[in-house]
Structure formats: C-alpha cells, structure tokens
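Everything on this sheet refers to the single structure shown next.
The values are calculated or read from the model by the stated rules, or taken from the named source; none is laboratory data. Note that the structure is a prediction, hence the values are computed from the model and not measured. A quick note on method: Cβ atoms are made from the backbone with ideal geometry, for glycine too, and the neighbour counts reach across all protein chains shown. Heavy atoms of the whole protein, side chains included, go into the accessibility calculation; ligands, DNA and RNA do not. Shrake-Rupley method; radii C 1.70, N 1.55, O 1.52, S 1.80 Å.
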Protein chains: 2
Amino acid sequence: MSKSEYMTYEQSGVSIDAGDRMVGHIAGAVASTHGPRVITLENGFAGLFRLDYDEKLFKRNYKNPVLVACTDGVGTKIKIGQMINRYDTVGIDLVAMNVNDMIVHGAEPLFFLDYLAVNKLEPESIAQTVEGVAAGCKQANCALIGGETAEMPDIYRRGEFDMAGFAVGVVERGKIITGANVQKGDVILGLASSGLHSNGYTLARDICFNKAGLKVTDTIDELEGAVLGDVLLEPTRIYVKPIVKLLAQYRVKKVVRAMAHITGGGLLGNIPRVLPKICNAVIKKSNWPVSEVFSFLQETGPVEESEMFRVFNMGIGFVLIVAPDFASSIAKKLKRYGETVYKIGTITAGTGKVVLK
Amino acid sequence: MSKSEYMTYEQSGVSIDAGDRMVGHIAGAVASTHGPRVITLENGFAGLFRLDYDEKLFKRNYKNPVLVACTDGVGTKIKIGQMINRYDTVGIDLVAMNVNDMIVHGAEPLFFLDYLAVNKLEPESIAQTVEGVAAGCKQANCALIGGETAEMPDIYRRGEFDMAGFAVGVVERGKIITGANVQKGDVILGLASSGLHSNGYTLARDICFNKAGLKVTDTIDELEGAVLGDVLLEPTRIYVKPIVKLLAQYRVKKVVRAMAHITGGGLLGNIPRVLPKICNAVIKKSNWPVSEVFSFLQETGPVEESEMFRVFNMGIGFVLIVAPDFASSIAKKLKRYGETVYKIGTITAGTGKVVLK
C-alpha cells in the first residue's frame, strides 16, 4: 500500500506544524507579561506562578489569602474582528471581561490563561489575538502564563473562532468586598465605559447589519463620521489599576462598600448582584451623558430605552457604591488615576432593585 | 409604535431567561464539589477559594507555594456526545484534560472553572454537561468554583457547542517536577488509558464515519459487540488521586523524576516535553497490550502505525519516569491504588527523543 493511501491527522483537517509555527510567533508577547513570580518551563504541561510567601512584600499584604477566579469570553464581539480582519484588540476585551469581574471583590489579578478555538489555525491572526491578550494582561498587571489553541474544523465554521479567558487573583480574606455593607444614603459612582465593551453584540450586529443594512466599513454621520467597525471594535476599558490603587488607600473595608462590573444585563442586571435585599439603587439617567454609540443603536433599532439599559452598559462600565462621606474624595482620586467619574445615584431603602429615574 | 416592532435581545437570538433556569439546574451538582475552602457568594462576580494559610495542615504542606494553572478543551470528542445526545461524561473529559496536565509537575488540584459556548441554551443538556464536570472534579479532588455559559447562535452551528476548562493547583516550590533529574537507566512506567481519552477525535471520526460509513449506534464485532458511540465516548481516566497519593510517599524529589500526560502527539510527542536533551526514552511496544479500539481504528483507516503513535495514546494515558531502584515499589503502589501499570521502557543516553521499538 502506497504512503498516500494512509490517512494522516493533517489530511483529516488538523495541522500540527501550523500550531508549532504559531507558538513561536507569540512567545515574545507572552514573555513580556512575565514578572519574577512566573516560573518558566520549556514545553511545560502547566503554567507556574509563585505566591512568594517567603518575601516581605507579599507577607505583609496577605496574611490569609483567598484566591479569586473568573472565566468569561467576549461573546460575538469577535465577529466584528473577523469582518474587518483585525484581531489585535479582542484579546484586550477578553482580559477585561475577566479582570474587571475579579476586582469587584477587592482582588488584584495575578495571572491569566486563554483558550482559543478556531476552524483553521492561521498563525498571523492567532498571533495578533494573543498579542492583544498580552496587551490586556499588561494593562491589568497580570501575567499570561498559559493558553491553548484548538483547531476544530467540524465545530467552527470557516473563519469562525471563539475564545475564553481565565483569570486568577488574590484578596486578603478580611478585605473581600461583597456588598453586605451597602446601606441607605450610600453614593453610587459610575466610571465611563469606552463603548459597548463586550456585551450586547448579538443585538448590536442585528441592528447594524440586518436591520440597517450597514457595512463595517461604512462611516456613520451620527458618530462624527467614525467607521462602524472601529466603533464596534473599541476595546473594553480595564479598570484594574485605578481600582487596585484606590482600595490600597483605605485600610477600612467599609469605605468602598460594593462594586459591580457592568456586563450583560447592564446596570439593571449587575448592580443587584451586590445589593442587600433591603436596599434599592436609585440611578438618575441624566447624571451622565449616554455615549453617542448607544443613542445611535437605540434610534436605528429602534430599541426601547428599558431594553437598552437591560442589554448595554449605556456609558457606565463599572460602578462603585461608597460611603457618603468619602464619595467626593474617591471620585477625585479616580479622576486623578485617569477615569471619567459620575455620581450616578444613591442607595435608598428598598428590595434589592435598581430604579432608573 | 407598537411593542412588537421593538427589537429585543431575545428576538436577536439570546435567551436570558433560559440561562437563568439553567443556573438553578446545576447549582446542586456544583455545590457538591465544594469543601470548606470555598467561599460562596450569591450572584458573585468570581469564585473564591481560601488558601488556608492560617491552618496547620496547609501550613505544614506548603512553605513556599507555587500556583499551577492549566487550560484545555476536549477537542471534537463533544461531537460524539452530540451524535448520541449524551452529555453526562464530556465534563469528566474536560476536567481530566486539565488536571492530568497539572499533576505532571507535582501539583495537587485545588479548583476548576468551565466555559461552555453553545448555539442555543438547552437547559437539560447544559445541566448534564455541568454535572459531568462536577463528577470529574470529585474524581480529581477539586472544587468547581465558577463557570460561564455563552449562547452564540452566530458562531456555533445549530446543535454545536464547545467547552474549555481551567484548573488551578498548588505545589511546594522545592518539589516542582520538571524532568531535569531524568537520567540514563531510569525506568518508564505507563498507566493504562481508558480508551482514546480526549485526543485524535478528528481522525477517529473521519475513519469511523466518513471512511467506514459506520453509525454511532452500530455495534462493532472487533470490539466484542460494543456500541461505537459508547466506545468513543468512554471518559478520560483521571490520574489525580493515585499520583498525588504516590508523591506524598516520597520526601525526596528524585524518586519520581518526571511524568507526562499523554495527549495530542501521543507518547512520541509528550514524553520529550520532560526529557533532558541528553536522554532518549526507549519504549518497547510489546510491553503492553494495545487496546482493541486502537487496532480497530488502525485497520479500518488504514493508518500507519507511526501515525497512530503520533495521534493516539495507544493504551497508555500517563507516564512516570522513575529511579530504577524504586520502579517496582512504585508500580506496586500504583496497582494498589487501582491503576494498571506497565514497565514500558527505559531511559538511555540520547538527544531528547522517543525511540519506539
């Protein structure tokens, strides 16, 4: 029997060599996220990260460390990247979706891993994607210590891919923030989002491409002539550095009572996750300017305003519920750290709900 | 404008309520994996796991802990589950692929997170899948502390789904096993696999369904009349308990010199990952019985034997390279812990390769 009659793995659709080439591509980007706590193993089966308990710095910070772990993807935002063949930013979104969740509980990110699944390994686009992940890790002060790229031609359509991220961080046990201390009179601060972040893309794509018949390359008058694809691909803002820095300023846990990362479900869905059942969060919509991209989607749909608030972040990507006496000084600090901060509401007696006014 | 003209998230293909229903379904299975180190947050943004440094037991075990993290999927094995509409075991495979990687470096698993992405949320099949993940976590002595289920109708075909897993464990810094101590004369022990585990499914499916035109429901004479779907869906063996128990017996790091989890690339691809460049691993094929499923695939393809060894585990799912003086006592212990153990080869001087004899 001649060689060509034998079936091989490559013929059945999986290319091992392309995978190897790609690993070379991304090694530099990955290594750039590594600090001294990463232990590098050539061809290792796992990523290794020292907790450094024998070092003074760490010892002082964590007497009773709790590991905090998150997993999330970026939803169908990756489809926008595919449409304009740009993969350098969705990795930032992937990191953002995970680390912004983690800091809600007071944790600081330590390390990150990514899982990419594709129809066919295209070393260049995978390398772009992982470079984005590495860029996100740098913004979040965490090390990219592992990842997996799976080639699955039978599950993903030609050109399709998906990605999942995993982040691990640490928080001192006595400083875990859960929202249990939220009380009547507390002030709700909102940090501006950079756009849609990574939620609501199924609806946004439906509005733009099916309903309005737009193309990703179209310029949008209502958005000051910006290219639609660029607007939709704007990376998710990563709030790690300002929040970690802020929390380090306060020894008392009760100053920042709760935080929420505004993802799927919007302000209406995410704030209740950290509200005691005896409080409401009263949000005044006029207290911040809703970014033009949301008005554009709302009018183009059209979509009811209540649905907009249930699906999109509407301009607020992260929320802090703080003790009233500290509200202005916290807002001032966060502005100094580069955030755009709005006082978007207050806590009242209630039943664990968000009331939009 | 009437209500029905408004676009909603549900109309565009994402069902938020189905997601909520599903969360209720799986809560019990998830909670069953939790020990006292898991901190439960209702609706939390992240999973929390105590490192317990203030407790005697942990203090004694880890003076200088290193976190070990892995991410992996199960490849296209999930397609077999879809074909016979059985999702209760692929979660075990998902855990196995990650925790078997981690123990290679001497770590013990602490916790696990899963990411499931589907075309459409079907609460029953998702619940089955997560129950499988929970069963795997119990086998691996780790807690399932988080997960994400993403509904993405535009990325996954109808009925298609994918899953990624993420495991974190811990190892004492001085006890990390890397293979650096492997030397001439060491003995290679192989632990029997339970079948294909989670690799080579693109080729296996191609052989069975395209080439041979079989159906998942067919019974296979060469496999003692077993149903093809059941054979292909056999869960990946989890080696955590025997390996963690074994390593706890030896204070000296040099007894177990290296280990390898035999995944994609087979013995040929995975053993070199822990071999020094001055050693070869000489493997004697006749030292263990290749399971019938591999002979069946090889003949049905047909597939060259060398390609079989490059794609499949060929009956050996996990390998230990051990000091010769300890080889028989280690084999004896592992048998006592329930493993089927073969002496499959020895280490010689060489160039970092596997030589099949």
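Numbers for the structure displayed
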| quantity | calculated |
| --- | --- |
| Within the stretch B:113-138, tally of residues that are within 22 Å of B:Gly35 (Cβ to Cβ) and among the acidic types (Asp, Glu) | 2 |
| Cβ-Cβ under 6 Å pairs, at least 6 apart or on other chains, the stretch B:32-43 side more than 11 Å from B:Ile145 (Cβ to Cβ) and within 13 Å of chain A (Cβ to nearest Cβ), far side at pLDDT 80 or above and surrounded by 13 or more Cβ atoms within 10 Å (Cβ to Cβ) | B:Asn43/A:Arg273 |
| Members of the stretch A:306-324 found to be surrounded by fewer than 19 Cβ atoms within 10 Å (Cβ to Cβ) and modelled with pLDDT of 95 or more, listed by number | A:Pro324 |
| Meets criteria (more than 25 Å from A:Gly136 (Cα to Cα) and not assigned by TED's automatic domain parsing to the domain that holds A:Ala69) for A:Val216 | no |
| Tally, over the stretch A:284-305, of residues that are open to solvent by 30 Å² or more (accessible area, probe 1.4 Å) and within 25 Å of A:Val255 (Cβ to Cβ) | 2 |
| B:Ala281 buried (at least 22 other Cβ atoms within 10 Å of the Cβ), within 19 Å of B:Gly195 (Cα to Cα) and not acidic (Asp, Glu) | no |
| Total residues in the stretch B:268-306, condition among the hydrophobic types (A, V, I, L, M, F, W, C) and in contact with a helix residue (DSSP H, G or I) (Cβ under 8 Å, 6 or more places away or on another chain) | 8 |
| Output for the stretch B:209-236, where each listed residue is touching a residue at least 40 places away in the same chain (Cβ under 8 Å) and of a type in the set (Ser, Thr, Tyr) | B:Thr217, B:Thr236 |
| Residues of the stretch A:183-199 satisfying the condition of being within 14 Å of chain B (Cβ to nearest Cβ) and open to solvent by 10 Å² or more (accessible area, probe 1.4 Å) | A:Asn199 |
| Residue within the stretch A:52-67 that is assigned by TED's automatic domain parsing to the domain that holds A:Phe166 and closer than 23 Å to B:Leu116 by Cβ present | yes |
| Test: residue in the stretch B:186-202 that is of a type in the set (Ser, Thr, Tyr) and in a strand (DSSP E or B) | no |
| Hits in the stretch A:229-244 (condition: under 16 Å from A:Val170 (Cα atoms) and out of contact with any strand residue (DSSP E or B) (no Cβ under 8 Å at 6 or more places or on another chain)) | A:Lys241 |
| Breaking point among (1) in contact (Cβ under 8 Å) with a residue 40 or more places away in the chain; (2) out of contact with any strand residue (DSSP E or B) (no Cβ under 6 Å at 6 or more places or on another chain); (3) open to solvent by less than 40 Å² (accessible area, probe 1.4 Å), for A:Asp206 | (1) |
| Helices (runs of 4 or more DSSP H) (entirely within the stretch A:256-357) containing at least 1 residues that are charged (D, E, K, R) | A:292-300, A:305-311, A:327-336 |
| Residue in the stretch A:251-270 that is more than 15 Å from A:Leu196 (Cα to Cα), within 14 Å of chain B (Cβ to nearest Cβ), surrounded by 21 or more Cβ atoms within 10 Å (Cβ to Cβ) and more than 23 Å from the chain's Cα centre (by Cα) present | no |
| Search result, residues across the stretch A:134-159 that are within 12 Å of another protein chain (Cβ to nearest Cβ) and closer than 30 Å to A:Ala258 by Cα | A:Cys142, A:Ala143, A:Leu144, A:Ile145 |
| Within the stretch A:160-172, tally of residues that are more than 7 Å from chain B (Cβ to nearest Cβ) and either out of contact with any strand residue (DSSP E or B) (no Cβ under 9 Å at 6 or more places or on another chain) or within 30 Å of B:Val66 (Cα to Cα) (or both) | 7 |
| Residues within the stretch A:206-222 that are assigned to a helix (DSSP H, G or I) and within 14 Å of chain B (Cβ to nearest Cβ), tallied | 6 |
